[in-house]
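S.K.: Take a look at this one; I'll ask things after.
The values are calculated or read from the model by the stated rules, or taken from the named source; none is laboratory data. Since the structure is predicted, the reported quantities are computational estimates derived from the model, not experimental observations. Accessible surface is based on the protein model in full, side chains and every heavy atom, while ligands, DNA and RNA are left aside. Shrake-Rupley method; radii C 1.70, N 1.55, O 1.52, S 1.80 Å.
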Amino acid sequence: LDLYTSNHINRVSMGIQSFNQRTLELLGRSSSLSHIENALSILARHPKFYQNRKFTNITFDLLLGNPNESFADFQNSVNRLIALSPTHLSAYFLTIEKGTPFHKKYSEYKAPMPPEELIFSKAIWLENILQENGFLQYQISSFSLSKKYESQHNRMYWRSDIDYWAFGMGASSLVGGY
């Protein structure tokens, strides 16, 4: 973390998805709930994380529409994230694409997808609780405490006149319109 802050990196992003271990297992996440809690603990103990707030942009991702995740499980995940004082939160709707490893795993698991009414109820509750906590919705799945904390990366997807480089597993760049 010191290396990041000394190089003026000020954003921490974690794709938590859920604080429910069963949900993480069904989704095929490589991280367990204990891994997530350990990572959050490391961040919280780092003196520059909260005391000096060198990481000024803290963002977490959640998934909406997880099979077998109750409304209470979802509320617990959201409330735990809000308690961590993030500046940005994204909540993506789960989609199951044929031919993907998750589609195969989900087909074998035979868990019913939650009814659309439940997914939309969660989405409406999420919008309300985030608004109550000072978040503004700036895209369908994205919320920030102010315009300053909106994800520039997300916004670039809607513009083809800006080059961006991405590195890492699954990363995607756009350079010269390609």
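S.K.: Using a Debye calculation, one point per C-alpha and no hydration shell, please list log10 I(q)/I(0) for the range 1-145 at q = 0.16, 0.18, 0.19, 0.20 Å⁻¹ in order.
M.R.: Listed by q, the Debye log ratios stand at -0.91, -1.09, -1.18, -1.26.
S.K.: Still on this structure, I have one more. How large a share of the accessible area of the range 74-152, in percent, is made up of carbon and sulfur atoms when the probe is 1.4 Å and the other protein chains stay in place? List each step's numbers first, then the result.
M.R.: Working: 2630 of 4650 Å².
Exposed carbon and sulfur together represent 57 percent of the surface.
S.K.: Still on this structure: Within the P(r) computed for the range 110-150, what percentage of the Cα pairs occupies the region above 15 Å?
M.R.: 49 percent
S.K.: On average, how much accessible surface per residue is there in the range 19-138, in Å², for a 1.4 Å probe, leaving out ligands, DNA and RNA?
M.R.: 54 Å²
S.K.: Also: At 1.4 Å probe size, with no ligands or nucleic acids counted, give the accessible surface of K148 in Å², nearest ten.
M.R.: Approximately 150 Å² of K148 is accessible to the 1.4 Å probe.
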